[in-house]
Amino acid sequence: APFLDQHLEGELQIGQVIDLVERWKNVLYNIYVANHRTILSDENCFPEFGTVSDGTPSFANVENLRVVKVTKAGKIISVMVSFELYDESMTGEKHASHLIKGLCRKWHSPLANLENWKVATQDGCKVNGAAVRHIQECDDLVCKPHGNCCAPHTLGLSGKAFVTPNLKALRGRFNVVIRYRGKVVEYYKELFGQSPIKSGGIRWWIEFEQSAQWVEHGILNIVSDLCTWGVANNASAQSCQSLLTEFRDGPGAKEKLALALVENAAVVDGGRLFAVFTYITEGNDPLILIAYKVFDELDAFVGVGTTGYLHIDLPNVKKIAIKASEMMCESRDKIDKAVTSARAHVQVCQDDCLDKDQALQQLSVARARAGAGSRSSGRSTTARNDYSNISNDSAATDAEAKKKAEDELKAAKKTFATAKKALKESEKALADWDKEHKDHMSISGLIAHARRCIIPGFEKYKEQFINPRGRCTSLRLKAQCCKVFNPFELDVLPEPAICLLIDKFSEFKLSDGTRIFDDDFLRNMKGEVKKAKLHASRAFDWDSLPKSKQYKNRDHRRKLKKEAARVRMETREDGEYAPYEQSDVAGEYSKPKDSDKWQDDLGEYARRIWEWWLIRWLHVKDFTYFGLAIRKVVLWLLSSAVVERDFSQYVCIINACGNGLSFPVMQGRIFARCNKDVYDELAAKSLDSEEFNYSIMPKDDDDDDDDEETEPTKPIRKPVALADDSLKGSRGNSPKWRGEDAKPVAKMDLAAKRMGEQEDKVASSIDERGVVDSHFEEER
């Protein structure tokens, strides 16, 4: 309170300002900027830095900029230094200008310091790429950062390249059915024990998750049971009927459904690694150190260095192809029976025409004979007259019979022509069907169709990650040479192989071609290879590294949650089996296997490699060049997901506070949420009255990760830099101090303090080692 009173205009006190946030928003913003300057200063961090930015999220013209640095304590930090909203459309030049302003003005970094800007990570949209190119080509700037494209976004392009027209149509119809999350969704949960996944947008991995769910639950079950129920119960009835018409009842529906089954299974089998590694590479750990494992497995999966794609195993496709083949054969048999029936009908019509024509000819012959008898000359005049009258009557009857016969013949010929036309159409339909689906009748043909669906995705991966001009080829090469930092690889690799990997560090360069590691550096780094192999060969307790115990606890809780979710899904309240029993043709989705080894968690693997080297180059100082190399290498991030998470925080703020929130207030809120960890660390280190950030309090330690920490809590001591008045409670009473056995409780809720709410909270300050240092309780 005294701190804010000093910075507010005039003689206003906190209790006298109605809209306090509007009055101190600039003060808070200046505090945040000062925090950024302190956190990212050369006194606290090594000078080299990278950035992560995004200027074109899909829902708004929002720009976000983060700075990535390595502190001199060996911690990799990512600090949001700029967050802006723009009404106008973003261009590459505007975005570039905003990035420079965000680095120079809001971070308060001198323009000359931008020469330490090594890498700029962003997703692959055109505006972001154009912004980085504009910075690289600007002669007035000393910085030439390397443009690093986000690997997960690029992996998603491989999945987007899969050619699945029938599955795409089915996906679109199904997403419309579950759009409003109404009774159909509730019935889906009742049938299958899970909520349906809705896909769409640019995130292909959501489509993969939906396909995996369909393989598990069975598309045939969804179409026959769910949509039929929706039509009968007037739940999304029109959407359900449209899906049934296109994939069950309409012309060609059975073929489309059969191919959709195969294509869906192909997406699951062929896209699993792309989806899995998309998620893995979006972590915050230094994944560049272990990413070579990801790319090696992907290279082997897509067949890099091989010819053809027969090596691809498609277990779900092989299983579902049996039912799809039966559906195709049934569909062709139906058309074939129609052709046979049409041919029989043509034959019947043809015979009828012949009979009618023969009858007409017989009438003509009979009439001709009757005419010849009327010209006899041996009869009397009277007899002739009587016969003439009779003949006239017979002629009229014969003419009527002939006309009737002619009409019947004409109708028979018309029917025959119609039958021939129908036969021709049936034969054409059969020929067209054979031309389009003849290869889909056999199981092998359907498997080949599945391969054709996913091969374009594999080619897309090669284009983006293998081709020399691919957007992520350089990142893949950088990741492969980082194998030298893995102690397990160092132990088994011979020295010549390690030296060859070190030579590949020449791939780390700026946009103007300047190498980050020159020949002299690499030569000196090779001189430390023997020592590195010696360290790697020694026994090491990996569980002794910081946060290893937290990882074990977190992994244990994750398993407990999975087990609880499984029990809830598989049992009803009465204990009976709940999920829908899928049919034999539903297929089986091969879920990733759980493992107790931390090496199988690539994020934890990368973090422990970093910690292993941290001991040797920062604390013990056994290495110089390996340490310099890994310190700069970790600036290359695999993903720009961290800024996407910031956008999610922005959406949460807008949802909670409304669209009327002023930008300075919104910016302060998003800084407080997204930079909370680094602010807390700064607040713990700096208790000087002029620099201490009163607006940011240390987060409460309610996570179970640290429950088993064994380091004792230090005795309580009063922060000497704080004035006595600043320690008074909201009513002026001073807090009571607890003894050494005091237990930490929840932190002071600053928002409640600002609004005058009388809640008893406890604030805690953290010392430089992150151990709880002091606690005090504010009483009413």
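Numbers for the structure displayed
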read-out	value
Single residue of the stretch 236-251 satisfying the filter (touching a residue at least 40 places away in the same chain (Cβ under 8 Å) and small (Gly, Ala, Ser)) that is surrounded by the most Cβ atoms within 10 Å (Cβ to Cβ)	Ser236
Which numbered condition Gly303 misses (of (1) touching an Asp or Glu at 6+ places or on another chain (Cβ under 6 Å); (2) over 24 Å from Gln210 (Cα atoms))	(1)
Filter result for Asp123 (open to solvent by less than 20 Å² (accessible area, probe 1.4 Å), acidic (Asp, Glu) and closer than 30 Å to Ile39 by Cβ)	yes
Pairs with Cβ under 6 Å, 6+ apart, first in the stretch 127-143 and under 12 Å from Leu114 (Cβ atoms) and in contact (Cβ under 8 Å) with a residue 24 or more places away in the chain, second aromatic (Phe, Trp, Tyr) and not in a helix (DSSP H, G or I)	Cys143/Trp117
Scan of the stretch 630-662 for residues that are under 22 Å from Leu289 (Cα atoms) and of a type in the set (A, V, I, L, M), ordered by number	Ile630, Val633, Val634, Leu635, Leu637, Leu638, Ala641, Val642, Val643
Failed item in (1) in contact (Cβ under 8 Å) with a residue 24 or more places away in the chain; (2) open to solvent by less than 50 Å² (accessible area, probe 1.4 Å); (3) over 30 Å from Lys118 (Cβ atoms), with Trp229 passing the rest	(2)
Hits in the stretch 400-433 - residues which are touching a residue at least 60 places away in the same chain (Cβ under 8 Å) and either within 15 Å of Met327 (Cα to Cα) or among the aliphatic types (A, V, I, L, M) (or both)	Ala412, Ala419, Ala422, Leu423, Ala429, Leu430, Trp433
Counted residues, the stretch 306-335 - those being under 38 Å from the mean Cα position of the chain (by Cα), open to solvent by 70 Å² or more (accessible area, probe 1.4 Å) and within 30 Å of Glu216 (Cα to Cα)	8
Some residue of the stretch 336-345 being free of Cβ contacts under 8 Å to residues at least 12 places away in the same chain, part of a loop (DSSP other than H, G, I, E, B) and open to solvent by 10 Å² or more (accessible area, probe 1.4 Å)	no
Residue within the stretch 570-581 that is in a helix (DSSP H, G or I) and either at pLDDT 85 or above or of a type in the set (D, E, K, R) (or both) present	yes
Where a residue in the stretch 144-168 is under 18 Å from Gly271 (Cβ atoms) and open to solvent by 10 Å² or more (accessible area, probe 1.4 Å) and its partner, wherever it lies, is charged (D, E, K, R) and assigned to a loop (DSSP other than H, G, I, E, B), with Cβ under 6 Å and at least six apart	His153/Asp123
Selection from the stretch 646-665 of residues that are under 20 Å from Leu65 (Cβ atoms) and at pLDDT 85 or above	Asp646, Phe647, Ser648, Gln649, Tyr650, Val651, Cys652, Ile653, Ile654
Any chance Phe540 is closer than 30 Å to Val620 by Cα, in contact with a Pro (Cβ under 9 Å, 6 or more places away or on another chain), of a type in the set (Phe, Trp, Tyr) and open to solvent by 30 Å² or more (accessible area, probe 1.4 Å)	yes
Top-ranked residue of the stretch 304-335 - restricted to ones that are of a type in the set (A, V, I, L, M) and part of a helix (DSSP H, G or I), ranked as modelled with the lowest pLDDT	Ile335
Residues located in the stretch 649-683, provided they are hydrophobic (A, V, I, L, M, F, W, C), surrounded by 13 or more Cβ atoms within 10 Å (Cβ to Cβ) and in contact with a strand residue (DSSP E or B) (Cβ under 9 Å, 6 or more places away or on another chain)	Met666, Ile670, Phe671, Cys674, Val678, Ala683
Search result, residues across the stretch 274-298 that are of a type in the set (Gly, Ala, Ser) and in a helix (DSSP H, G or I)	Ala275, Ala291
Long-range neighbours under 7 Å by Cβ, at least six apart or interchain, first residue charged (D, E, K, R) within the stretch 510-521, second open to solvent by less than 80 Å² (accessible area, probe 1.4 Å) and part of a helix (DSSP H, G or I)	Arg515/Ser506
Filter pass, Leu65 being crowded, with 22+ Cβ neighbours inside 10 Å, among the hydrophobic types (A, V, I, L, M, F, W, C) and under 18 Å from Gln667 (Cβ atoms)	yes
Residue count, the stretch 448-482 (criterion: surrounded by fewer than 21 Cβ atoms within 10 Å (Cβ to Cβ) and either aliphatic (A, V, I, L, M) or assigned to a loop (DSSP other than H, G, I, E, B) (or both))	9
Top-ranked residue of the stretch 89-120 - restricted to ones that are within 30 Å of the chain's Cα centre (by Cα) and modelled with pLDDT under 80, ranked as surrounded by the fewest Cβ atoms within 10 Å (Cβ to Cβ)	Ser89
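Per-residue answers, yes or no, for (1) under 34 Å from the mean Cα position of the chain (by Cα); (2) open to solvent by less than 30 Å² (accessible area, probe 1.4 Å); (3) at pLDDT 90 or above:
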residue	(1), (2), (3)
Trp610	yes, yes, yes
Leu614	yes, yes, yes
Phe623	no, yes, yes
Lys632	yes, no, yes
Trp636	yes, yes, yes
Glu644	yes, no, no
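Results for (1) modelled with pLDDT of 90 or more; (2) farther than 30 Å from Cys472 by Cβ; (3) aromatic (Phe, Trp, Tyr), shown as yes or no for each residue.
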| site | (1), (2), (3) |
| --- | --- |
| Glu406 | no, yes, no |
| Lys410 | no, yes, no |
| Phe416 | no, yes, yes |
| Asp434 | no, yes, no |
| His437 | no, yes, no |
| Arg451 | yes, no, no |
| Ile454 | yes, no, no |
| Glu459 | yes, no, no |
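The values are calculated or read from the model by the stated rules, or taken from the named source; none is laboratory data. Every value quoted in this text rests on a predicted model; they were computed, and no experiment measured them. A quick note on method: Cβ atoms are made from the backbone with ideal geometry, for glycine too, and the neighbour counts reach across all protein chains shown. Protein only, heavy atoms only, side chains kept; ligands, DNA and RNA dropped before computing areas. Shrake-Rupley method; radii C 1.70, N 1.55, O 1.52, S 1.80 Å.
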